[in-house]
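Report on one structure; see the data block that follows.
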Amino acid sequence: LRLAALVDGGQSPEHVLLLSRSRAARAHLRDRVDRLLAPAHAELWIATYEEIAERLLREYATEAGLDPFFATVSAPDRLAILLDRVDELPLRRHEIRGNPAGLLARLVRRIDVLKSEAVSAGRLRDWATDRESEASDAAQRERAHRELEFAELFARHDRILREAGSLDAGDLVLELARLLRDRPDVAKDVCERFANVMADELEDAGVAHRRLLSALAPHENLVAACDP
């Protein structure tokens with residue numbers, strides 16, 4: 001309805017960006033927009049955060065310092081990569097019990113959660129180091145050591161992806177936010193392209209997604225829907 005009101009007021013829908021956290025919600029938004037707007041518009045920017053990030057990073061790959069043909073890898077892809085190199089991974093304090101797939105799948109999910117909250121491997125390592133120095137008993141020290149090991153695994157995971165010229169979903173969001181922060185010229189281009197930004201499912205957006213929203217809408221023409 002907000003998009004329809006903007007269009008009725010003279011705004012070109014091609015200059016409005018609609019974001020959602022999930023592909024299902026994105027598809028639902030697209031269906032609603034197709035019903036509301038007539039005639040249909042060929043260039044509608046309705047996407048997940050990761051989809052818009054990938055599209056813009058490919059367009060501004062040189063400015064971002066990326067290969068424009070970088071690969072995007074899903075969680076199953078990354079799990080397969082780690083399983084192929086499991087002997088190289090720091091897992092001494094993590095129980096595998098003969099089947100590393102389940103453990104690595106859980107660790108990959110945790111990496112994704114941390115990236116969504118804009119927590120890097122280095123930041124996690126610093127936090128775990130502080131916990132280690134503050135530990136008052138053997139149990140606390142062991143928990144800190146496990147976190148340090150996981151931080152090392154996190155860093156190894158990212159290094160493996162970068163060596164292969166690949167980015168995961170979290171990287172896409174973080175890299176675009178970094179590009180818009182570090183390159184005012186690119187930020188100006190993107191801001192002019194998207195005169196209005198709308199976000200659905202804000203309750204599911206992590207710190208990294210909210211930072212990207214702010215970077216995409218420095219003009220503050222931003223409307224977000226949130227389920228309390």
Within segment 122-131, restricting to residues that are within 19 Å of L174 (Cα to Cα) and open to solvent by 60 Å² or more (accessible area, probe 1.4 Å), the one that is farthest from the chain's Cα centre (by Cα) is R125
Determine, yes or no, whether T72 is under 25 Å from F150 (Cβ atoms), within 25 Å of the chain's Cα centre (by Cα) and of a type in the set (S, T, Y).
yes
Given the criteria free of Cβ contacts under 8 Å to residues at least 60 places away in the same chain, in contact with a Leu (Cβ under 9 Å, 6 or more places away or on another chain) and over 21 Å from L202 (Cα atoms), does L82 qualify?
no
Go through segment 120-145 residue by residue and tally those that are closer than 27 Å to D204 by Cβ, touching a residue at least 12 places away in the same chain (Cβ under 8 Å) and not small (G, A, S).
2
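Could you tell me whether any residue of segment 92-108 is within 23 Å of L176 (Cβ to Cβ) and under 20 Å from the mean Cα position of the chain (by Cα)? Break it down stepwise before answering.
Applying the first criterion (within 23 Å of L176 (Cβ to Cβ)) to segment 92-108 yields 108.
Narrowing the set further to residues that are under 20 Å from the mean Cα position of the chain (by Cα) leaves 108.
For segment 92-108, residues within 23 Å of L176 (Cβ to Cβ) and under 20 Å from the mean Cα position of the chain (by Cα): present.
The values are calculated or read from the model by the stated rules, or taken from the named source; none is laboratory data. What you are looking at is a predicted structure, and each value in this text was computed from that prediction instead of being measured. Glycine gets a Cβ as well: all are built from the backbone with ideal geometry, and neighbour counts include every protein chain shown. Quick note on the areas: whole protein, heavy atoms, side chains included, nothing else; ligands and nucleic acids left out. Shrake-Rupley method; radii C 1.70, N 1.55, O 1.52, S 1.80 Å.
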